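Asker: This is the structure I have questions about; it appears just below.
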Amino acid sequence: DTGVSQDPRHKITKRGQNVTFRCDPISEHNRLYWYRQTLGQGPEFLTYFQNEAQLEKSRLLSDRFSAERPKGSFSTLEIQRTEQGDSAMYLCASSPTLRWGGGETQYFGPGTRLLVL
Amino acid sequence: TQLLEQSPQFLSIQEGENLTVYCNSSSVFSSLQWYRQEPGEGPVLLVTVVTGGEVKKLKRLTFQFGDARKDSSLHITAAQPGDTGLYLCAGEYGTDSWGKLQFGAGTQVVVTP
């Protein structure tokens, strides 16, 4: 399977603990995105990378959140001091490169479902 | 906060019936995409539209992009149980937003045999 993979698929943690999620994009995809989806809502953009450079962070991403893509391949999303409001599905997507005019296809992974107790 | 409005929020129909899902925005899209998402999975792209007035067909699915590029619709003909899922529209707004998708809240479609 050469699609986007995410690990773990499910994570249950206690409030105040730190968690880290991993995303492996499709090979040779330059752009990598993180989204968060809560129940009954569509995904919300969090941040994205062009190769190893993090180009933008949403205002949704508080200081407790940090994302990295150290070698321009896989990415990690860490949440420190988790809160119950962090409970959501965290989705990763990748695309080959930015297409002029937009409309590039983003390929989504299966997501990591986080439950903070 | 979602910038796109999708309607209806929920749609339950019998197999063989037709359905239409709508996506509206007060701003002009540079492009708009439709995705389908099944429980526990990530969204899967169905179509991308970029030109006002554009119509695309994917088997029994017909996608329309409004002339002013502010709205779109997805029409399914003779729905089947396999069409059940969450249908999401996602748009890009202008050059600063290329690649950053803004999603609607989705329309949950249930097709019963």
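Asker: Based on what the data block shows, is B:Arg69 buried (at least 17 other Cβ atoms within 10 Å of the Cβ), away from every other protein chain (no Cβ under 11 Å) and among the charged types (D, E, K, R)?
Answerer: yes
Asker: Taking the criterion of being in contact with a Phe, Trp or Tyr (Cβ under 9 Å, 6 or more places away or on another chain), surrounded by 14 or more Cβ atoms within 10 Å (Cβ to Cβ), in contact (Cβ under 8 Å) with a residue 60 or more places away in the chain and under 22 Å from B:Gly40 (Cα atoms), would at least one residue in region A:94-105 satisfy it?
Answerer: Checked against the condition, which is being in contact with a Phe, Trp or Tyr (Cβ under 9 Å, 6 or more places away or on another chain), surrounded by 14 or more Cβ atoms within 10 Å (Cβ to Cβ), in contact (Cβ under 8 Å) with a residue 60 or more places away in the chain and under 22 Å from B:Gly40 (Cα atoms), region A:94-105 yields at least one hit.
Asker: Of the conditions (1) touching a residue at least 60 places away in the same chain (Cβ under 8 Å); (2) surrounded by fewer than 20 Cβ atoms within 10 Å (Cβ to Cβ); (3) closer than 25 Å to B:Tyr35 by Cβ, A:Glu56 satisfies every one except a single condition; which number is it?
Answerer: (1)
Asker: Consider region A:5-45. How many of its residues are under 11 Å from the mean Cα position of the chain (by Cα), buried (at least 19 other Cβ atoms within 10 Å of the Cβ) and in contact (Cβ under 8 Å) with a residue 24 or more places away in the chain?
Answerer: Final tally of qualifying residues: 11.
Asker: Provide a single number: the residues in region B:8-37 that are closer than 25 Å to A:Ala93 by Cβ and under 14 Å from the mean Cα position of the chain (by Cα).
Answerer: Going through region B:8-37 one residue at a time, the tally reaches 14.
Asker: Among (1) of a type outside the set (Asp, Glu); (2) surrounded by fewer than 16 Cβ atoms within 10 Å (Cβ to Cβ); (3) within 14 Å of the chain's Cα centre (by Cα), where does A:Ser75 come up short?
Answerer: Among (1) of a type outside the set (Asp, Glu); (2) surrounded by fewer than 16 Cβ atoms within 10 Å (Cβ to Cβ); (3) within 14 Å of the chain's Cα centre (by Cα), the lone unmet condition for A:Ser75 is (2).
Asker: So which of B:Leu88, B:Leu46, B:Leu11 is among the hydrophobic types (A, V, I, L, M, F, W, C), within 9 Å of another protein chain (Cβ to nearest Cβ), in a strand (DSSP E or B) and surrounded by 13 or more Cβ atoms within 10 Å (Cβ to Cβ)?
Answerer: The conditions single out B:Leu88.
Asker: Has region A:11-23 got any residue that is touching a strand residue (DSSP E or B) at 6+ places or on another chain (Cβ under 7 Å), under 26 Å from B:Leu3 (Cβ atoms) and not hydrophobic (A, V, I, L, M, F, W, C)?
Answerer: No - not one qualifying residue is present in region A:11-23.
Quick note: the coordinates plus some simple rules give every number you see, no bench work behind them. What you see is a predicted model; the values in this text were computed from it and never measured. When we count neighbours, we look across all protein chains shown, and the Cβ atoms used for this are built from the backbone with ideal geometry, even at glycine.
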